[in-house]
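Just so it is clear, none of the values below were taken in a lab; they were calculated from the coordinates. The model shown is predicted, which means the values in this text are computed figures rather than measured ones. Here Cβ is always computed from backbone atoms with ideal geometry, including for glycine, and neighbour counts include all displayed protein chains.
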Amino acid sequence: MAVKIDGVASGSPAFKKGIKNGDKILTINGNDIIDVLDYRFYQDEKRLKLEIETESGKVRKITVHKGEYEELGLEFESYLMDEQRSCKNKCIFCFIDQLPKGMRESLYFKDDDSRLSFLFGNYITLTGLTEHEISRIIKMHISPVNISVHTTNPSIRCKMMNNRFAGECLDILKRFNDAGISMNCQLVLCPEYNDGDELKRSLNDLLQYENVQSVACVPVGLTKFRENLTELKPFDKKSSCEVLDIIEEYAIKYMDKYGVRKVYGADEFYLLSGREIPESDFYGDFDQLDNGVGMWALFKKEAFDAIELSDKMPDGVAKTIVTGVAAYPLIKEIVEKAKEKWNNLECEVVAIINDFFGERITVSGLVTGSDIIKQLRGKNIGKELLLPSSMLRYENDLFLDDVSVEEVQEKLNVKIKITDNDGYQLIDGILGTEEE
């Protein structure tokens, strides 16, 4: 399979060899180039033998000498070099199925692309992997692989994912483990499906594999838009405590075997249970931050360190920090800590109730612009509103409901400042920066 070249960086090794836009790359050192993984893996060698098909159909054989890991200099129409692969499952807990109609099209795309797992940390279900892709992962020793396991019971996995092949795919875990591929595993827990004894089974099965690096247990997220979907129960205080007890049991059991903790509960389980969230050193290397595991502890440590180390003074601008209901106690604690050091600090914290998706959704990343406008309009919020970038898409311009940052500024007549999702950035935002 040939991949069309869309650009050649000026002065690059490829440029110097006369490779042009519109040419196609066929092989590197005898290996077929199908997509971005092939290209990035095989281009790293110092000496490359390329097969290039010109626009006229002629095949050129080119030898390139370059620095090890130096970029060859080819550009392609899309980053992946072909289409992004969508998920073929119909999971009973899928958050995308719980979105309301009328949102921007990109939000409804279900990703299950193994290449994005390696490049950006996305999680895959294994159900879309071909034998070629499995063998390629093992050959390239791409690691870690992030896997949405959910349960190791084949029949329950098929039921939860509405895919009759979902159980068979569990065999891939062993193949990866035997090949020395590290794995981060995710279990989205649904009461009466994969919690309780089934959770014990899954943890016991997964932790038999020495190359399972970490396991995150995450509670199912339920919006108010679940018409015609499988009826699911939310976790409450009692059931959350039961989950955390199981997690701790297996974490301790296998800590004796491996010498490190491998099983964690999402921060949300601690909040639902009323239990204190552990300190940052509990979470090791924070392998599961994207699953909401250890985010609270890390953010708190960063913010408290920033308060202690900062020699700045507040800029005197009255501010309000917007957050979700779940993170409100943490952000409030951080602001109170800051006020102990800077007693002239004018900063308040507001928790936005999620009317858009439903009050069960409490994370900051799913707060919408319309809810912010509705709940803050007419209130004294000072001259500056601080928002975490997790509320916005990558370009930091739109909320999930397509309300723009500019629209929120206009409706509330306030300046908006976007802060990155770490405690140091929050403290910088609270104090204000000189360049502003």
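Tabulated data for the structure shown
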quantity: Per-pair calculated FRET efficiency, R0 = 25 Å: K415 and N343 via Cβ, rounded to 0.05; calculated: 0.55
quantity: Helix-only [θ]222 nm of the chain, DSSP H runs n ≥ 4, -39500 (n - 2.57) each, per residue, nearest 500; calculated: -9000 deg cm²/dmol
quantity: For the chain: relative contact order, % (alpha-carbon pairs under 8 angstrom, 6 or more apart); calculated: 9 percent
quantity: Debye intensity ratio I(q)/I(0), log10, the chain, q values 0.10 Å⁻¹ (C-alpha model); calculated: -0.87
quantity: Placed amide H near V263: partners under 5 Å, 5+ positions off or other chain; calculated: V215
quantity: Amide hydrogen neighbours beyond the local backbone of V349, cut-off 5 Å, H modeled; calculated: I321
quantity: Rg/Rg_ref, segment 192-255, where Rg_ref = 2.2 N^0.38 Å and atoms are Cα; calculated: 1.30
quantity: Degrees, to the nearest 10: 131-140 long Cα axis against longest axis of the chain; calculated: 80 degrees
quantity: Cβ-placed point charges (K, R +1; D, E -1), dipole of segment 166-207 about Cα centre in debye, nearest 20; calculated: 200 debye
quantity: Label point distance in nm, D285-D6, each placed 7 Å from Cα along Cα→Cβ; calculated: 3.3 nm
quantity: Selected from I418, S390, I361, residue furthest toward positive end of dipole (segment 347-436; charges at beta carbon); calculated: I361
quantity: Contact order relative to length of segment 149-230, as percent, for alpha carbon pairs under 8 angstrom and 6 or more apart; calculated: 35 percent
quantity: No Cys partner within the rule (Cβ under 4.7 Å), the chain; calculated: C87, C158, C169, C185, C190, C217, C241, C347
quantity: Inter-part distance where segment 150-220 and segment 342-416 are each reduced to a Cα centre, Å; calculated: 37 Å
quantity: Tail beyond 26 Å, pair distance distribution of segment 246-368 (Cα, percent); calculated: 33 percent
quantity: ³J(HN,Hα) computed for each position of segment 12-22 - Karplus, 6.51 cos²θ - 1.76 cosθ + 1.60, integer Hz, glycine/proline x; calculated: 6, x, 5, 4, 5, 8, x, 6, 10, 4, x
quantity: Rounded to whole Hz, the Karplus (6.51, -1.76, 1.60) HN-Hα couplings of segment 372-386, x for glycine and proline; calculated: 4, 4, 5, 8, 10, 4, x, 9, 7, 10, x, 9, 9, 10, 9
quantity: Pairwise label distance in nanometres, I252 with D305, each label 7 Å out on the Cα-Cβ vector; calculated: 3.0 nm
quantity: 0 to 90° range, to nearest 10: angle between helix 237-258 axis and the chain longest Cα axis; calculated: 50 degrees
quantity: Net length gained if the chain between L232 and N396 were fully extended (0.36 nm per residue, minus Cα distance); calculated: 55.7 nm
quantity: Residues E75 and R377, FRET efficiency given R0 of 45 Å [Cβ-Cβ distance, rounded to 0.05]; calculated: 0.45
quantity: About the Cα centre, charge dipole magnitude for the chain (Lys/Arg +1, Asp/Glu -1 at Cβ), debye; calculated: 940 debye
quantity: Cβ-based charge dipole, segment 1-69, positive-most Cα from I34, G18, Y69; calculated: G18
quantity: Normalised per residue, the volume of the convex hull around the Cα set of segment 335-436 (Å³); calculated: 113 Å³
quantity: Rounded to 5, the percent of DSSP beta bridges in the chain classed as antiparallel; calculated: 40 percent
quantity: Tensor-based shape of segment 175-317 (alpha-carbon gyration tensor, a/c under 1.5 rounded, otherwise prolate or oblate); calculated: oblate
